[in-house]
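Notes for the one structure printed next.
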């Protein structure tokens, strides 16, 4: 296939295209402003995510106990909040099908779109966890907010993680006659527990 | 590039679409609603125009140094443990994908949305070699079951009404006859596709952005289907056109802010997934596809079309797309952007597409990467006409007009005739325009007569 690589690069190089300079993104960073909890929760409301305020992990544990049925399978990657299944003992990600609730730690939230950054460390041994669970709970310290995606990527710097996702609310689709339906393939609900 | 195949005519196909005026009005309204959502969410970003300008410049810069960024991306991706493949055309792309699958003995492939694989006709190729291909985006699955291509690049089944989806699901998924509740139909698809996700031995995704700096790539979905496939299957193949590159990770900030707002009026997609390295024990492949892109890059008038991020804002705003539907276009990417991409692929076959526009410029106004879409449509019309692919009637009309302009007496007589007999045109519906509306009434005198009278009256 190396001949194809050489042929494509040659064809691309032969296109007459004088170099165009890259724009400076500093001005976009400058208008980003400061993050605020009000802005973040307003966006969560807009995108159909639920949010709960709590003081600390004790509140998060209590919320999960009160809101997830006792018999349900819970997988947690939040240290100090134990689920009902032990993720490290599961070697095949397919076995995660049927999990009722996944609880994961968010690194930071983005006010303008309600997304929370989850990296490989937050997902535990299986990347599929926040997608395959029927319901998703994200634990996020209220201090960890950025205003825009510019600030978000500034915070990520170089990729520190082999995989990561900006996750904004429950999975949804409007593919049937533009009717919004929540719960397409991923989680049917997304709750952000804002602690601190 | 020419083809022996006859060009399918947009106007004729649109005429068929308009035979059902109620349905055409519904299609128009549905897409206009998406356009309005886009406007509302864009208006909440005060620096929107600044973002569009930055996106445009980043894309132009990348295209002007594309070979450099392709090499940087490949080196980084390979260092990350991703296998990179190069395909000059659709056939080579299909062979590469089949080869990857056969080496692993994979026979069940789940696919998330990828317009590139539509372009290359991958599904048919794999199916002919015994691979089961399941499209997992809900809209794509609906049209796949219906054995049709997508009619819109973001909302593939936008042409279908709930009841029709219910009929398709009843036939193929065994849902109760007459079920037309979107929630229940989506749930049926969720259960059906969950089974396929759990069985698949390979997953294929598209790529929204590939980052040269990191060797990683980003896939955006609302449903979570790309992630369900890619994280469960032992093999993940990501297919991308060579124009999907951006130089740095920080540039994602610009594009992610623009993409979903422009596409569906959401502040972002639900899932914006960043793949950098395969999971231990998993294989990850990237297929880089040219298939005419380097040719488009060498055409200064048209190369900016390669900046497209496939948001389909130009579809939703286009008065012609909204009133003619995706299947009226001869290329699998319909709408204004499809109409400037298709002639690069086959000018003769898609000769009517650049004419499927009023040149109102709304496409250019909403494009998040500032492609001069309506300007390129006009340029393609000129090229297509010069190459002799314009419709016969148009050629005759142009010759007659040129003759009239060259002979003032004929021009004057023609003008007098039109002023007198214009109501007849409305009455007899002589022009396609008058099928749905009347021409405005003609002024009582010609511009020439008005000008002469004006000068006369102003003389001292």
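Cβ separations smaller than 7 Å between residues 6+ apart or across chains give the following pairs from the range B:142-157 residues that are at the interface with chain A (Cβ under 10 Å from one of its Cβ atoms) and assigned to a loop (DSSP other than H, G, I, E, B) to residues that are crowded, with 22+ Cβ neighbours inside 10 Å and modelled with pLDDT under 95: B:155/A:175; B:157/A:175. Residue check: is residue A:179 surrounded by fewer than 21 Cβ atoms within 10 Å (Cβ to Cβ) and either in a strand (DSSP E or B) or facing chain B (nearest Cβ under 7 Å) (or both)? Spelling it out, residue A:179 is indeed surrounded by fewer than 21 Cβ atoms within 10 Å (Cβ to Cβ) and either in a strand (DSSP E or B) or facing chain B (nearest Cβ under 7 Å) (or both). Of everything listed in (1) buried (at least 22 other Cβ atoms within 10 Å of the Cβ); (2) touching a helix residue (DSSP H, G or I) at 6+ places or on another chain (Cβ under 9 Å); (3) within 13 Å of chain A (Cβ to nearest Cβ), the single unmet condition for residue B:84 is (1). Selection of the range A:23-42 for residues being without any contact (Cβ under 8 Å) to a residue 60 or more places away in the chain and under 27 Å from residue B:53 (Cα atoms) yields A:23, A:24, A:26, A:27, A:30, A:31.
Please determine whether any residue of the range B:214-225 is more than 15 Å from residue B:154 (Cα to Cα), facing chain A (nearest Cβ under 8 Å), modelled with pLDDT of 95 or more and surrounded by fewer than 23 Cβ atoms within 10 Å (Cβ to Cβ). Yes, there is a match, as at least one residue in the range B:214-225 is more than 15 Å from residue B:154 (Cα to Cα), facing chain A (nearest Cβ under 8 Å), modelled with pLDDT of 95 or more and surrounded by fewer than 23 Cβ atoms within 10 Å (Cβ to Cβ). The number of residues in the range B:254-266 being part of a loop (DSSP other than H, G, I, E, B) and at the interface with chain A (Cβ under 9 Å from one of its Cβ atoms) comes to 2.
For the range B:156-186, which residues satisfy the criterion of being in contact with a strand residue (DSSP E or B) (Cβ under 8 Å, 6 or more places away or on another chain) and either surrounded by fewer than 19 Cβ atoms within 10 Å (Cβ to Cβ) or on the phi > 0 side of the Ramachandran plot (or both)? The answer is B:183, and nothing else. Taking the criterion of being more than 7 Å from chain B (Cβ to nearest Cβ) and without any contact (Cβ under 8 Å) to a residue 40 or more places away in the chain, the only residue of the range A:133-155 that qualifies is A:144.
Counting just the residues of the range A:161-171 that are part of a strand (DSSP E or B) and within 20 Å of residue A:42 (Cβ to Cβ), which one comes out farthest from the other protein chains (Cβ to nearest Cβ)? So the residue we want is A:167.
When the residues of the range B:227-245 are narrowed to those that are over 20 Å from the mean Cα position of the chain (by Cα) and more than 7 Å from every other protein chain (Cβ to nearest Cβ), which ends up surrounded by the fewest Cβ atoms within 10 Å (Cβ to Cβ)? This residue is B:234. Among the residues that make up the range B:1-12, is at least one of them at pLDDT 95 or above and in a helix (DSSP H, G or I)? Scanning the range B:1-12 turns up no residue that is at pLDDT 95 or above and in a helix (DSSP H, G or I).
Screening A:80, A:114 for residues that are without any contact (Cβ under 8 Å) to a residue 24 or more places away in the chain, out of contact with any strand residue (DSSP E or B) (no Cβ under 6 Å at 6 or more places or on another chain) and more than 30 Å from residue B:199 (Cα to Cα) leaves exactly one candidate, A:80. Answer yes or no: is there a residue in the range B:267-284 that is within 20 Å of residue B:156 (Cβ to Cβ), more than 9 Å from every other protein chain (Cβ to nearest Cβ) and crowded, with 23+ Cβ neighbours inside 10 Å. No, the range B:267-284 contains no residue that is within 20 Å of residue B:156 (Cβ to Cβ), more than 9 Å from every other protein chain (Cβ to nearest Cβ) and crowded, with 23+ Cβ neighbours inside 10 Å. Scanning the range A:83-102 for residues that are surrounded by fewer than 14 Cβ atoms within 10 Å (Cβ to Cβ) and touching a residue at least 24 places away in the same chain (Cβ under 8 Å) returns A:88, A:98. Here B:178, B:174 are screened, and the one residue that is out of contact with any helix residue (DSSP H, G or I) (no Cβ under 8 Å at 6 or more places or on another chain), over 27 Å from residue B:328 (Cβ atoms) and more than 9 Å from every other protein chain (Cβ to nearest Cβ) is B:174. Between B:339, B:330, B:324, the distinction of being surrounded by 24 or more Cβ atoms within 10 Å (Cβ to Cβ), in contact with a helix residue (DSSP H, G or I) (Cβ under 7 Å, 6 or more places away or on another chain) and touching a residue at least 60 places away in the same chain (Cβ under 8 Å) belongs to B:324 only. Of the residues making up the range B:262-300, those that are farther than 24 Å from residue B:216 by Cα and free of Cβ contacts under 8 Å to residues at least 12 places away in the same chain number 2. In this structure, residue B:93 qualifies as on the phi < 0 side of the Ramachandran plot, more than 9 Å from chain A (Cβ to nearest Cβ) and in contact with a helix residue (DSSP H, G or I) (Cβ under 9 Å, 6 or more places away or on another chain). Among the conditions (1) part of a helix (DSSP H, G or I); (2) out of contact with any helix residue (DSSP H, G or I) (no Cβ under 8 Å at 6 or more places or on another chain); (3) surrounded by fewer than 18 Cβ atoms within 10 Å (Cβ to Cβ), residue B:130 misses just one, which is (1). Only a single item in (1) surrounded by fewer than 19 Cβ atoms within 10 Å (Cβ to Cβ); (2) in a helix (DSSP H, G or I) is not met by residue B:354, and it is number (1).
If I filter the range B:404-445 down to residues being at pLDDT 90 or above and in contact with a helix residue (DSSP H, G or I) (Cβ under 7 Å, 6 or more places away or on another chain), which single residue comes out as farthest from residue B:17 (Cα to Cα)? For the range B:404-445, the residue satisfying everything is B:410. For the range A:64-100, a residue qualifies if it is farther than 26 Å from residue A:53 by Cα and within 21 Å of the chain's Cα centre (by Cα), and the qualifying residues are A:87, A:93, A:94, A:96, A:97, A:98. Could you check the range B:294-306 and list, in sequence order, the residues that are more than 8 Å from chain A (Cβ to nearest Cβ) and buried (at least 20 other Cβ atoms within 10 Å of the Cβ)? Selection gives B:296, B:302, B:304, B:305, B:306. You will find that of A:105, A:93, the residue that is under 29 Å from residue B:280 (Cβ atoms), modelled with pLDDT of 95 or more and within 14 Å of chain B (Cβ to nearest Cβ) is A:93 and no other.
Scanning the range A:26-38 for residues that are within 11 Å of another protein chain (Cβ to nearest Cβ) and out of contact with any helix residue (DSSP H, G or I) (no Cβ under 8 Å at 6 or more places or on another chain), which turns out nearest to residue A:168 (Cα to Cα)? Ranking the candidates gives A:33 first. Here residue A:7 passes the criteria (1) under 30 Å from residue B:242 (Cα atoms); (2) surrounded by 15 or more Cβ atoms within 10 Å (Cβ to Cβ) except the one numbered (2). Would a scan of the range B:53-74 turn up a residue that is surrounded by fewer than 20 Cβ atoms within 10 Å (Cβ to Cβ) and more than 30 Å from residue B:297 (Cα to Cα)? Checked the range B:53-74: no residue is surrounded by fewer than 20 Cβ atoms within 10 Å (Cβ to Cβ) and more than 30 Å from residue B:297 (Cα to Cα).
The values are calculated or read from the model by the stated rules, or taken from the named source; none is laboratory data. This is a predicted model, so every value here is computed, not measured. Neighbour counts are summed over all protein chains in view; Cβ atoms, including those assigned to glycine, are modelled from backbone coordinates with ideal geometry.
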